[in-house]
Amino acid sequence: MKRTLDLVKNMKNNSYFLFGARGVGKSYLIRETLGGQIDYIDLLSSKTFLDLQSSPSNIETYISKKWVVIDEIQRIPELLNEVHRLIEEKHITFLLTGSSARKLKRSGVNLLAGRAYKSQLLPLSWRELVDEKIFKLDTHLHYGGLPSVVGRDDPSEYLYSYVDTYLKEEIQAEALVRNLSNYARFLDAAALMNGEMINFTKIANDAQLRPNTVRDYYQILQDTLIGEMLESWTGSVKRKAIQTAKFYFFDLGVVNTLKKIKVIERNSDTYGKAFEHFIYLELKAYIIYTKNRIRLNYWRSKNGHEVNFIIDDKIAIEVKATRRISPDDLKGLIALSEENHKWKHLLIVSEDTQSKIFQQGIIQIHWEEFLKNLWNGKYF
């Protein structure tokens, strides 16, 4: 499949970090796209890992080309000093991949002082799957977009294996937590709160942990690229906003597996949450791949009005998994429109195929049309 991220274009411009959770296809994309143009140094290889861990300066013996890929750089952060030197002295261009930023965030680790850009690879997006003519909404809402899941006969088995591998290889093997069973309980509890305002105390009680431990575990989820916080928008004046963040996992299939969902029935609350999550993931993919410095937030007032997504203080989006929009579905956007704020677009995105314009300029749009407009850059 053709991915939106253009590795060749990026490599021609500068050295850069390419982050992405395990299983999103970083290594495959690199091998298929760059092929014989690169020296490939795989730190998941035990022999290579032990050699370079004991003597990082040995890296130069692995290099014969001007383009070099170091896969899973977080396993030996000390290599970055050698990378820095080789960029300066030999003008070598590096692509440094990682599935965790935790070790790279330690104080004292050389992050190349701006000599390497940062990018991220995500699970397959709607745009990528539509281009291949293999996108099915209900299937995507259930199993997500990990490349090894798409088109697979047994996606559930792979996803269960994925979660187990994440726990054992990313968390246990890298010694990110002391007690793996505690973290596993937290994962289950966090999945149930996916897309909801985070209540550290409730999750701590559900997982039998301390609230501070839950905070630390959420940071690990972010560092290992398994999810991300969505901060609240606090620009409203008339209605005071809640400032608690939400958290979204990086893939629908992974979070549904953690929630032990077997079936997602149409018109259910589970379907509605998955549909909202799907739109969130498309917004994130657009922002990351287009490299637009766009802020993404949500809004909820203290008296209960809510709008799912606020983009760059200009676009407000309410998401409804319904085939017929009702007046009740507009309440959040109407309340937001009454704030002393100039909105470029007020959109309600749903499965309703009719296009309408409501009061305050609220536009009703079908989700496919919305995503076409988004990826075609019509909103920015």
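The values are calculated or read from the model by the stated rules, or taken from the named source; none is laboratory data. The structure displayed is predicted, hence computed values, not measured ones. Note: ideal-geometry Cβ built from the backbone for every residue, glycine included; neighbour counts use all protein chains shown. Heads up: the accessible areas ignore ligands, DNA and RNA and are worked out on the full protein's heavy atoms, side chains in. Shrake-Rupley method; radii C 1.70, N 1.55, O 1.52, S 1.80 Å.
Let me check the size of the chain from its C-alpha atoms; what are the radius of gyration and Dmax in Å?
Calculated on Cα positions, Rg and Dmax stand at 21.9, 67 Å.
Anything over 28 Å Cα to Cα? Flag those among Lys47/Lys284; Lys202/Lys262; Lys47/Lys260, in the order listed.
On the way: Lys47/Lys284 37 Å; Lys202/Lys262 25 Å; Lys47/Lys260 38 Å.
Too far apart for the 28 Å limit: Lys47/Lys284; Lys47/Lys260.
Over region 61-209, what percent of the accessible surface lies on carbon and sulfur atoms, probe 1.4 Å? Before the final figure, lay out each step's value.
Details: 3320 of 7180 Å².
The C+S portion of the solvent-accessible surface of region 61-209 is 46 percent.
Determine by what factor the alpha-carbon radius of gyration of region 1-72 differs from 2.2 N^0.38 Å, reporting the quotient. Don't skip to the end; give the middle numbers.
On the way: Rg = 12.9 Å, N = 72, 2.2 N^0.38 = 11.2 Å.
For region 1-72, the normalised Cα radius of gyration is 1.16.
So which lysines can Lys291 reach, going by Cα to Cα under 17 Å and dropping same-chain residues fewer than 8 places off?
Excluding near neighbours in sequence, the set is Lys9, Lys12, Lys118, Lys378.
I'd like to know which of Thr213, Asn373, Leu336 lies farthest towards the positive end of the charge dipole of the chain, counting +1 on Cβ of Lys and Arg and -1 on Cβ of Asp and Glu.
So the residue furthest toward the plus end is Leu336.
What does the charge count near Arg266 come to, summing +1 for each Lys or Arg and -1 for each Asp or Glu among other residues with Cβ under 12 Å from its Cβ?
Values: positive: Arg323; negative: Asp138, Glu265, Asp269, Glu351.
Neighbour charge sum, excluding Arg266 itself: -3.
What is the magnitude of the charge dipole of the chain about its Cα centre, with +1 placed on the Cβ of each Lys and Arg, -1 on the Cβ of each Asp and Glu, and no other charges, expressed in debye to the nearest 20? If you can, show how the numbers build up before the last one.
Values: 54 positive and 47 negative charges, 186 e Å.
Here the chain has a charge dipole of around 900 debye.
Please report, largest first and rounded to whole Å, the three semi-axes of the ellipsoid equivalent to region 97-197, where each semi-axis is the square root of five times an eigenvalue of the C-alpha gyration tensor. Don't jump to the answer; show the numbers that get you there.
On the way: eigenvalues 160, 97, 34 Å².
Each semi-axis is the square root of five times an eigenvalue, giving 28, 22, 13 Å.
For the chain, with a Gaussian network of springs between Cα atoms less than 10 Å apart, report the residue from Glu128, Glu318, Glu32 with the top mean-square fluctuation.
Sorting by GNM fluctuation, first place goes to Glu32.
Using the Cα centre of region 1-115 as the reference point, and only Cβ charges (+1 on K/R, -1 on D/E), how large is the resulting charge dipole? Debye, rounded to the nearest 20.
Details: 18 positive and 12 negative charges, 92 e Å.
It comes to approximately 440 debye.
How large is the dipole of region 165-284 about the Cα centre if only Lys and Arg carry +1 and Asp and Glu carry -1, each at its Cβ, rounded to the nearest 20 debye?
Working: 16 positive and 15 negative charges, 104 e Å.
Its charge dipole is roughly 500 debye.
What is the distance in Å between the Cα centroid of region 217-242 and that of region 28-55?
35
How much of the DSSP bridge set in the chain is antiparallel, in percent, rounded to the nearest 5?
Details: 15 of 43 bridges.
In the chain, approximately 35 percent of DSSP beta bridges are antiparallel ones.
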